[in-house]
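What follows draws every value from the coordinates through simple rules; no lab data is involved. Being a predicted model, the structure only gives us computed values, none of them experimental. In this analysis, Cβ positions are derived from the backbone assuming ideal geometry, glycine residues included, and neighbour counts consider all displayed protein chains.
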Amino acid sequence: MNKRLSRRGFMASLGVAAAASAGAAQGQAETYKMTREMPVERGWDLIVAGGGPSGAAAAICAARLGAKVLLIEATGCMGGMGTNAYVSNWYSMSDGEKSVIGGLILELSETLCKEGNATPESIEMYRKGEVLSRVGFNPEALKSLFDRLCAQAGVEVRFYTRVIDVDVDRQKKNVNGVVTSNVEGYRYITAKTFVDGTGDGVLSSLCGAKAYAAGTDTPKIMPPTLCAMISDIDYDRLKKGTQQAMVEKAIADGFFSQPDRHVPGLFRSGKSTATMNAGHLFNTNALKCRSLSDAMVLGRKLVDEYARFFRKYMPGCENMQVVATGNLLGVRESRRVVGEYTLNYEDFKARRHFPDQIGIYSKAVDIHVYDLSPEEYQRYYKEFSTMDRLKKGESYGMPYGMIVPKGWTNLWVGGRCTSADLKVNGAIRDQPGCSILGQAAGTAAVQSIRTGQPACDLDTEMLVQTLRKAGANLPQNTLTKKMTRASDAV
Ligand SMILES: Cc1cc2nc3c(=O)[nH]c(=O)nc-3n(C[C@H](O)[C@H](O)[C@H](O)COP(=O)(O)OP(=O)(O)OC[C@H]3O[C@@H](n4cnc5c(N)ncnc54)[C@H](O)[C@@H]3O)c2cc1C
């Protein structure tokens, strides 16, 4: 499959930090245009960039349909935030009465429970045949489960490999190939179709697809958190519902370096383990390397501080240990690609369902505090706990157009960077939602290859039927061949 590039070398234009130069002296960013030869690899049906909940789902589900799939992942495992950032807790998987999930994410949830790799509470729910509304899990088990499912489906996975550039026809809005970088150097790889599962919309952005970068359509960026894996919690003594009072007490005691009233806290992931989600890294821009790097350093300090808080103030946590902090920063907001349809707050409030929906979900809008002011905490509390909380039996639909960058023919997005307004992005970005969107993206790519239908004009009736066969929970009665577009919105 490998050849050396026959044409005059693939032109990769890379921004390189420059020493003093005329351009830099004049205040212009200096760039270095690199022309080099690199090996060429052809023959893939689908390339998926990023192996988080969305990318892994896209790759596995497309390969199960018979596609030849290459998954490119920057780190050494799949799972994204769920493994590499220790965000090892899935919830909002039911509407309080019945399951809203299906497909791969239900399979993953059930397998983790069946194999004893989830919290005692989740395992018990599974054992009794109850609706699995939340699953806390062992992140190591999820890594291995993804390895196993990819191997079974025939996905070729390349770890420690990053998509760094693209070859696109911007007129036709068609992607020809990607450039990857890993220990072997650079490589140019072609495919028929592409899915962006990078969370940050890296592939779409390299392609030139329109996207909102965090902080450009809002004055502030929702802060990330560096999460950690915690052990040795005595859950028999840890009392639910007492944390906020203890946070207030610690603030009054002057315990914290940053008096943040919004502490998501400990989320059980096993018998005595938890994800610690505490400490907002305000003013971080996840699309800037300097900012990301500074956030990791401050994040580790905050993890230590919050571990001391829990040990001192929360009975049951006296002996808790910080096992590890995430390799990936817990980024809540970076890019939102502009799709054929942008799911918006009006849709959310109306609990709107769509004939072409590729998934349904029931998570509330969850926009964390932008700063430490009491007003921000009140705003958050009002939105998340009351105003934007769904009642029992309520859910909303996620239409197909959310995963198609506007006008693109062979490119889809899954996960956190899909097309939603800021508020709704704060609802659908959880891992179950991202997995559902990723499964649909991989399935749509296979349909596109088989039928010749471009991403931006895919038969959505056919897609919904294929997703249903794969177990997706799509309860709509009416189906349509044409996707819902912005102009159809009511
Ligand atoms: C602090 C925090 C707490 C959260 N809490 C919860 C929770 O309790 N429950 C829940 O369900 N969700 C939670 N979420 C949300 C959820 O974890 C993420 O939104 C979700 O994981 C996004 O999935 P994704 O597939 O889009 O991207 P990610 O999970 O971010 O995965 C992206 C993957 O792409 C890879 N990648 C990136 N760039 C490249 C590249 N150029 N080339 C190759 N690979 C690349 C990354 O290494 C990563 O593996 C939380 C998020 C945060 C930040």
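Of note:
- Straight-distance crosslink candidates among lysines, where the alpha carbon sits under 19 Å from Lys192 and sequence neighbours closer than 8 are dropped: Lys3, Lys68, Lys172, Lys173, Lys406
- Segment 228-325 shape via C-alpha gyration tensor axes, a/c threshold 1.5: oblate
- By the beta-carbon count within 10 Å of each Cβ, the least crowded to most crowded order of Arg290, Arg332, fewest first, is Arg290, Arg332.
- Packing-based ranking of 273-283, 453-463, 225-235, 193-203 yields 193-203, 273-283, 225-235, 453-463, ordered from highest to lowest mean Cβ neighbour count within 10 Å.
- Crossing angle, helix 53-64 versus the chain [Cα axis fit, 0-90 degrees, rounded to tens]: 50
- For segment 109-212: rounded, prolate or oblate by the Cα gyration tensor [a/c cutoff 1.5]: prolate
- Size of charge dipole - segment 228-325 - debye, nearest 20, with Cβ of Lys, Arg +1 and Asp, Glu -1, no other charges: 140
- Full extension of the chain between Tyr32 and Ser144 yields a length gain of 36.3 nm, computed as 0.36 nm times the residue separation minus the alpha carbon distance.
- Close Lys pairs in segment 228-325, defined as Cα atoms under 20 Å apart and 8 or more places apart or on different chains, number 8.
- What the Cβ-Cβ distance of Phe255 and Ser291 gives, at R0 = 30 Å and to the nearest 0.05, is a FRET efficiency of 0.65.
- Gain on full stretching of the segment that runs from Asn477 to Glu375 - 0.36 nm per residue minus C-alpha separation: 32.4 nm
- Ranking of Ile251, Ile189 by count of other Cβ atoms within 10 Å, fewest first: Ile251, Ile189
- Gained length - Glu184 relative to Tyr160, 0.36 nm times residue gap less alpha-carbon distance: 7.6 nm
- Cα-derived Rg to Rh of the chain, Kirkwood definition: 0.97
- Set of aspartates and glutamates with alpha-carbon distance to Lys481 below 12 Å, sequence-local pairs under 8 removed: Asp356, Asp457, Asp459, Glu461
- Between helix 243-252 and the chain: long-axis angle, C-alpha atoms, 0 to 90°, nearest 10: 80
- Span from the segment 195-267 Cα centroid across to the segment 270-339 one, whole angstrom: 7
- Near-label residues of segment 289-313 by backbone N, under 14 Å of a point 7 Å along Cα→Cβ of Asp232: 307-308, 310-312
- A crude spin-label estimate for the pair Glu461 and Arg311, with each label 7 Å from Cα along the Cβ direction, gives 6.4 nm.
- Farthest toward positive dipole pole in the chain [+1 Lys/Arg, -1 Asp/Glu at C-beta], among Leu206, Ser144, Met38: Met38
- Centre-to-centre separation between the Cα atoms of segment 381-401 and those of segment 121-143: 23 Å.
- Angle in degrees between helix 139-153 and the longest Cα principal axis of the chain, rounded to the nearest 10: 30
- Cβ crowding within 10 Å, taken as a proxy for footprinting-reagent exposure, orders Arg300, Arg170 from fewest neighbours to most as Arg170, Arg300.
- Spatial separation of Cα centroids for segment 47-63 and segment 79-112, in angstrom: 16
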